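Below is one structure; the comments refer to it alone.
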C-alpha cells in the first residue's frame with residue numbers, strides 16, 4: 001500500500017510461524033465497529049479484512065509488516081469489493097492500527113521470542129488445578145457422607161413422612177427436623193430407617209414408633225456397643 005519503510009529492519013534470525021495469536025478483544029473490537037460505520041460495511045466484513053491483515057503480517061519478513069498486503073487478493077478471497085478493502089486499510093491507518101505499513105501492536109501481541117518463564121508458569125498452574133480438583137473431590141466425598149442423607153431426609157424423607165403419617169408438609173418438616181436433632185451424627189442411619197419403614201409399608205403410629213425405636217437402638221449401640229448375640233458366657237470350668 002504505502003511506500004514508507006517498515007518500522008524495523010528485516011532479520012534472518014526471525015522465526016517463521018504457521019500460526020499467530022488471535023487476542024481476546026479481536027471480535028467486536030471498537031476500532032472495527034467504527035470503521036464499519038465509516039465505510040458502510042458490516043463489522044464481520046471489517047473483522048475478516050483485519051484477520052487477513054494479521055495473516056499477511058505473520059507471513060511477512062519481518063513479521064508484522066503488511067506492505068505486501070493485496071487488496072485485490074483479499075477482496076477476491078472474501079468476496080468484497082477491493083476498493084472497500086482499500087478504504088478499510090486507510091481507515092485503520094488513520095486510527096493507528098497500522099503505522100508505516102506495520103501493525104502497531106504486533107510486537108506486543110505477537111512476540112518472536114516466547115516468555116522463558118511460560119513453561120514454569122504453566123507447570124505451576126497445572127499443579128494448582130490438580131490441587132483444586134483434588135479438593136473438590138474431597139468436598140464431594142464429604143458431602144456424600146455427611147450432607148447427602150440430611151438432604152434426602154429434608155426432601156424425599158419429608159414426602160415419605162407426609163404420606164405415611166398423613167400429616168401436613170409443615171408437620172412433616174418439624175418431625176424430620178426433630179429426628180435429625182435426635183440422630184446427631186447418625187443421620188445416615190436415620191435416613192436408612194425412614195426408607196426401611198417406608199418399604200415395609202408402615203403407617204401412622206407404627207411408622208413413627210418404628211423409626212423412633214430403630215433410632216433409639218442405634219443411639220444405644222453407638223454409646224455402649226452392640227449387644228452380644230448369645231448373651232453373657234461364663235469363662236472357666238466349674239469346680
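Here are the numbers for this structure:
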| read-out | value |
| --- | --- |
| Yes/no for residue 131 being part of a helix (DSSP H, G or I), out of contact with any helix residue (DSSP H, G or I) (no Cβ under 6 Å at 6 or more places or on another chain), closer than 27 Å to residue 24 by Cβ and at pLDDT 90 or above | no |
| Scope the stretch 23-38; condition under 23 Å from residue 82 (Cβ atoms) and in contact (Cβ under 8 Å) with a residue 40 or more places away in the chain; matching residues | 31, 34, 35, 38 |
| Residue ranges of helices (runs of 4 or more DSSP H) in the stretch 39-123 with at least 1 members touching a residue at least 24 places away in the same chain (Cβ under 8 Å) and more than 32 Å from the chain's Cα centre (by Cα) | 43-59, 71-78, 82-94 |
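The values are calculated or read from the model by the stated rules, or taken from the named source; none is laboratory data. All values derive from a computational prediction rather than experimental measurement. For neighbour counting, all protein chains shown are included, and Cβ atoms are generated from backbone atoms with ideal geometry for every residue, glycine included.
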